[in-house]
Every structure is written in C-alpha cells, then in structure tokens.
Amino acid sequence: MWDYTEKVKDHFLNPRNVGEIEGPDGAGEVGSLACGDALRLTFKLDESKRIKDVKFKTFGCASAIASSSALTEIIKGMTIEEAEKVTNQDIASYLGGLPEEKMHCSVMGKEALEAAIANYRGQKVVKEDFEIVCKCFGVTDREIIKAIQENDLRTVEQVTYYTKAGGGCGQCHPKIEAIIEKVRKEMEKEAPPPKLEKKKLTNIQKIKLIEETLGREIIPALKADGGDLDLIDIEGNKVLVALRGKCSFCPSSEFTLKQYVETKLREFVSEDIEVEEVRP
Amino acid sequence: MKIVYVDNNATTKVSPEVLEEMLPYFSELYGNPSSMHFFGGQVQKKVNEAREKVADLLGADPSEIVFTSCGTESDNAAILGTLDSYPEKRHLITSRVEHPAVGNVSTYLGRKGYRVTELSVDREGRLDLDELRESFTDETALVTIMYANNETGVIFPIEEIGEIVKAKGISFHTDAVQTVGKVPINQKKSRVDMLSLSGHKLHAPKGIGVLYIRKGTKFSPFMIGGHQEKGRRGGTENVPYIIGLGKACELAKKHLDEENTRIKTLRDYLEAKILEKIPNTLINGDPLNRLPNTVSVSFEYVEGESILLLLSDLGICASSGSACTSGSLEPSHVLRAMGVPFTAAHGSIRFSLSIYNTKEEMDYIIEHLPPIIQRLRDISPFWKDYLKSQGKG
C-alpha cells in the first residue's frame, strides 16, 4: 500500500473544486484514458485578472485526484503571472509530499495548468513540434527536459516516476539516458553548484523547512540508534528540541545535538540556526 | 472497523485449527527431523504425516511431495531444475499471463540465451491449443503453464494440455498456486509432471510451499544442500509450517465441496448484483471456466486504485489489476494480453472469496460499491463525455 500523507488522503476523500466551469477563461486538458490518468482544468478570472474560480475533473489514482485538488487550492486568487510560477514541487509540497513513484501526478497538474494558461492566452501547445521520446505514453523530449531541470532528476527511473516516460516497453531508456546526460551537463554549466543560494525565508517557510528536515534527515538517523526527538518550539533562529528514547540519557547527547542536528539544520534551512535542548 | 476481506487470491487467513497444530513445534517439540534420537524422530513422524495429507489432497504419492519455502521457489525450482537436467535443450513454452514467479524466470532465461515461446490468450483469457501444438521444437525442454490465473480466475484445460505435451515426451509443469483447494486435483490420473502450490493461499501461513514432482521426472535440485526431501531440496525442514500446511490441506479437502457450492454461489451473487447495479461494467475472463471464488470486474472511466482506497476506507479489502496499485505504469500484463479495452483496463477490481466469507459481507459490498463508482465517475472527465456521446448528457 502506498504511504500517502494525511493531506493526500484528505484531498482524495474530500476533493476541492470538482467540476467544470461553463464558458471558462482558460481550459486545459492533459493525459488520456489509455495512459491511465487525465486532468481537465478550467478557470475564470475576476475584474482584477485574478483566478476567481477554478475547477478540475480527473481520471486517475488517489494521488492524481489529490494533486488536482491541491492545484486548484494553490492557484485560486493568483494572477496568471503568479500561477505560471507554480511548479510540480509546489503541488507535492502542498500535499506534504508524494511517494516518488507518484510524482508524475504532480507533473500532470503542472502541465494542465500550463495548458490552461496557454489556452487563456490564445496560444496553442503543439506537441508535434517536439520529438516523442516515449511512444507508450507519448512523452516528448521537452517534457522530459523540463522535469529534469525542475526536479533535479538524475536517473531514468526518476524520469519515469516524474513523467511516465520509459514506464512501458522500456525501449526508450537509452534515449532518456542521453537526454539526462545532456541536460545535466548544461545545468552544471549554467549553475555551478558550490554554494546553495538560500532564499530569505518567511517564518512559516522556515518552520516548515525545519519540520521537514527533522522528519527527513534527522529523526530517521536518531531512530536508527534507538533515539528520537521532539520539536518543542522555534524562537527566531533558536530551535528548541527534546530528546527521547536512548538519546535522552545518552552521555553524548549534547554532542549529538550540537554536531548533528545543528549541522543538518544549517545545511538545509539556514546558516544561523542554533539548537538548544530542553528537558521535558 | 468492520473488515470484509475479499482478497484471498493475495493471501488467506490462517485457520485457527492450523495455527493450533503448529504451535507446539515452535516450543517444546523443537527437534530436527533428521536427528537419530527419539526427540527428532517424533518430529519426523509429524512431518511425514503432513506429507501424506498434502499428497492426499493432490491425489499423489507422499514421496512425490517436496516442501519448499513458497510458491515462487517451487516455480523456480521446477523450471530451473528441469532445464538443468536437459542442458542440450534450450527452448521452453509458457503463456503470456503467468504469475511473475514464472513470467520473470522466463524473461531471465531469455536473457541467458534460451528461446521462450509465450502462448497468447484471447479476449476471454483462453489459450489456443493449436498455437501450443505448433510451438514444439526438438529443443523444447519444458512446458510451464499456470493452472488458473490469479487475476481473472480463468482455468486452463491443464489435462488437455498435458495430453499434447506428454505425446511429445516433454516435461510439463503447472503453477497451481491459485487452484489447489479450489478445484479437485488428482495427480494419479493427471499428465502433469510437476505442480507448484503455496500454503498461504489455502489458510496455512506465508513461507511454505510445495513442489509436486512425479516419480521418474528428470529434476536437478535448485536448492543444493543436505539430504532433506530425498536430496531434491536441501535445508532443514521448516517443521511448524510443514505441519501447518498438512493441516490446511486436510481442511481444504474437507472444504472443497463448499468452495464449489456455497462460495461459488456467493461469488455469482456478488457478480450479478454488481452488473445489475453499476452500468458500463464488464467481467474479465471466461465466465464458464473460472475458479469458484474469483471475479475480476472492470468499471469503465474510473481508475482502480481510487476504487480500492475508497473501498478500503469502508473496511473492504480487494485488489486491482490497474497500473497505479502495483507501482508500474501500465495495467496488468494479464489484462493487456487479453486485450481488455483501455477504457476498462485501468478500472479493474478483483474480488476473491474464501470459506470465511458470508452473504452479509457480499451485501455490504453491493451496498457500498455503486456510490463509490458513481462518485469517481462524477470526478472523471470522461464519464460526462461518454454520457453526452450516448445522448444522455
């Protein structure tokens, strides 16, 4: 069984904004019955050119329905220019993450949004202009390149998870591999990796990022040694935590905290994070 | 939460009688059946009894029963053990709808330079025996074809196939993991040389299987080790599980009639009600030659995983041949081999019953399934299009 977050389950069981808007300002449809999922997105703007109403109809699995529902919630109230900047990662993050194998559901949301915006602007997305790499699922080189760039993909398997390309007969795997190599070379040329540019975070973003980093990087490592950690509070850059399990009476716990938790949080969140232990 | 478990082709509940029979062999009766002392000897006696019970269910001789760790091991052992005995023969015949325990072994052998013929199936999941007749070569070492399909329940004419294969003097293996306990099997009158079964599909625990090997069949051991299982499968016997499987086979024989009467009636009732209450629904597979406990049903314009999760929310446990449930992106190889139209292939659900199911449970499913399908069709962009095309929009 897939390990879906509560948020995915909620948006699957209680999808928001289901339906189709009559006479929409923008409408986009991606996917097909044959491919196993499809999404039809329609929206209407208000006088100030903000998305006043947006609705979706989706054929697909739970994460496809949840991603569609999340997308509509994210873009409601945005201008077209703002909506255009929404990425598939934003959809996945809104849902608290998706299993990697299901990331193509978030990409489908992003593609439907692009199609609807293009439709609003009177542009036509012509698939024929691009080379179809995966014949089983009709995925073009453009879609694969975008997914690699936007999601920092490195392997054929990942490309399949994000775009479905290569998930059928597998004949296109060498082609995908060649695309990955080419795109990554260009990416490294454009953006030399030395220092990760960190954006100024809002408080909410910072709290979220701290929670995510704890959950993804730190707690699993502590648990492997029989320990655990609770986030108690965040005061500015000071992160207050309480140690549980073996950690709480481990003589090297202070070392664990300072060296490990702080390093990780500084790496992933912000250079000026300080960790402090509170005794429960 | 109420649990309605109708996923018995995936695994079954361990019968309380089976568990009870096993327990002493985890604690006080821990001897090794191979030991020379009485303490091991009393365990060996029980293992032999279990072997007799398994043989009895299959209409086989106890000496033809080899215990393994699971159905997959049995399949691997049968295929690789046969090919190893005929090193000069480099061709095998199988079908396109096998379980991965056979299908992926064939793929592996193909990579190793074997020639593999995969027989196709028709829209109802049936084999064309003429295609089989035309597939033999001088190089053919083995024919391995499943007894009944795990997804659709379609039963292949194994004895007819056996006639054809044995007339050529070629070894014949069948994966009967889904069949044993649901359909009477009598190896004394059969043309099958080797047959795989799995304990956890018939109310024994996971982790025990059997490979039946007819006397005189050429076979090299797959698991090489000690003298256990008459040198056909090394490794100390998994005593409690073997004893559990023996009990499960004894019970399965007793329940065979019930499987084919009460359970079949429940399945037919469920199927008829689903077809009656939900439009644009089709049954996958030959309705006449089918396991009594299985129904595979496709709902057009909706996707299987979504159906399963909404059912699961109500405590109903079923499974699907849809792409999304397996982590693959295409619907099951079985439905694709059958050419199920793509409007329906993604929305397939399998209900598989056991003797523990009741009519009340079927009614619970029948009550809750139609609104689930309707709800997903209301979200699906294709349903309204379809209705419009029918002039109903």
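Hey, among the residues in the stretch A:58-74 that are over 16 Å from residue A:43 (Cβ atoms) and of a type in the set (Ser, Thr, Tyr), which one's farthest from the other protein chains (Cβ to nearest Cβ)?
The extreme case among them is A:67.
For residue A:30, work out the one condition from (1) part of a loop (DSSP other than H, G, I, E, B); (2) more than 10 Å from every other protein chain (Cβ to nearest Cβ); (3) among the hydrophobic types (A, V, I, L, M, F, W, C) it doesn't fulfil.
Just one mismatch for residue A:30, condition (1).
Which condition does residue A:92 not pass, out of (1) more than 14 Å from chain B (Cβ to nearest Cβ); (2) over 16 Å from residue A:114 (Cα atoms); (3) out of contact with any Cys (no Cβ under 9 Å at 6 or more places or on another chain); (4) not hydroxyl-bearing (Ser, Thr, Tyr), if it passes all the others?
(3)
Taking the stretch B:348-393 as the search range and keeping residues that are within 14 Å of chain A (Cβ to nearest Cβ) and of a type in the set (A, V, I, L, M, F, W, C), which one is farthest from residue B:182 (Cα to Cα)?
Within the stretch B:348-393, the match that is farthest from residue B:182 (Cα to Cα) is B:387.
Pick out the one residue from B:77, B:55 that is in contact with a strand residue (DSSP E or B) (Cβ under 7 Å, 6 or more places away or on another chain) and in contact (Cβ under 8 Å) with a residue 40 or more places away in the chain.
Being in contact with a strand residue (DSSP E or B) (Cβ under 7 Å, 6 or more places away or on another chain) and in contact (Cβ under 8 Å) with a residue 40 or more places away in the chain holds for just one of B:77, B:55, which is B:77.
Looking at B:259, B:305, B:300, B:271, which one is among the acidic types (Asp, Glu), more than 14 Å from every other protein chain (Cβ to nearest Cβ) and either within 19 Å of the chain's Cα centre (by Cα) or crowded, with 21+ Cβ neighbours inside 10 Å (or both)?
Answer to the selection: B:259.
Need the failing condition index for residue A:89 against (1) in contact (Cβ under 8 Å) with a residue 60 or more places away in the chain; (2) buried (at least 18 other Cβ atoms within 10 Å of the Cβ), just the number.
Among (1) in contact (Cβ under 8 Å) with a residue 60 or more places away in the chain; (2) buried (at least 18 other Cβ atoms within 10 Å of the Cβ), residue A:89 violates only (2).
Need pairs with beta-carbon distance below 6 Å; first residue farther than 15 Å from residue B:67 by Cα and within the stretch B:33-46, second of a type in the set (S, T, N, Q); sequence gap 6+ or separate chains.
Qualifying pairs under 6 Å: B:40/B:32.
Of the residues that make up the stretch A:113-121, is at least one polar (S, T, N, Q) and either under 23 Å from residue A:212 (Cβ atoms) or not in a helix (DSSP H, G or I) (or both)?
No, the stretch A:113-121 contains no residue that is polar (S, T, N, Q) and either under 23 Å from residue A:212 (Cβ atoms) or not in a helix (DSSP H, G or I) (or both).
From the list A:66, A:62, A:70, A:34, which residue is in the same structural domain as residue A:84 (by TED's automatic domain parsing), of a type in the set (A, V, I, L, M) and more than 22 Å from the chain's Cα centre (by Cα)?
Unique residue meeting the criteria: A:34.
Would you confirm, using the coordinates I've provided, whether residue A:47 is assigned to a loop (DSSP other than H, G, I, E, B) and away from chain B (no Cβ under 14 Å)?
Yes.
Would you check which residues across the stretch A:33-44 are of a type in the set (D, E, K, R) and more than 9 Å from chain B (Cβ to nearest Cβ) and list them?
Of everything in the stretch A:33-44, just one residue is of a type in the set (D, E, K, R) and more than 9 Å from chain B (Cβ to nearest Cβ), namely A:44.
Is it true that some residue in the stretch A:72-89 is under 18 Å from residue A:159 (Cβ atoms) and not in a loop (DSSP other than H, G, I, E, B)?
yes
Quick one: would you say residue A:39 is surrounded by 19 or more Cβ atoms within 10 Å (Cβ to Cβ), modelled with pLDDT of 95 or more, in a helix (DSSP H, G or I) and not assigned by TED's automatic domain parsing to the domain that holds residue A:143?
no
Would you confirm whether any residue within the stretch B:364-380 is within 17 Å of residue A:34 (Cβ to Cβ), of a type outside the set (D, E, K, R) and without any contact (Cβ under 8 Å) to a residue 12 or more places away in the chain?
Looking for residues that are within 17 Å of residue A:34 (Cβ to Cβ), of a type outside the set (D, E, K, R) and without any contact (Cβ under 8 Å) to a residue 12 or more places away in the chain, one finds none in the stretch B:364-380, hence no.
Return yes when residue B:144 is modelled with pLDDT of 95 or more, over 17 Å from residue B:333 (Cα atoms), within 22 Å of the chain's Cα centre (by Cα) and not assigned by TED's automatic domain parsing to the domain that holds residue B:322 and no when it is not.
The answer is yes for residue B:144.
Among the residues of the stretch A:12-27, write down those that are within 25 Å of residue B:345 (Cα to Cα) and more than 8 Å from every other protein chain (Cβ to nearest Cβ).
Passing the criteria: only A:19.
Does residue A:114 satisfy the criteria of being among the charged types (D, E, K, R), farther than 24 Å from residue B:303 by Cβ and away from chain B (no Cβ under 12 Å)?
No.
Name every residue in the stretch A:1-48 that is closer than 23 Å to residue B:306 by Cβ and acidic (Asp, Glu), in order of residue number.
Across the stretch A:1-48, the qualifying residues are A:3, A:6, A:10, A:20, A:29, A:37.
The values are calculated or read from the model by the stated rules, or taken from the named source; none is laboratory data. A quick note: this is a predicted structure, and the numbers were derived from the prediction, not measured. Heads up, the Cβs are rebuilt from the backbone with ideal geometry, glycines too, and the neighbour counts pull from every protein chain shown.
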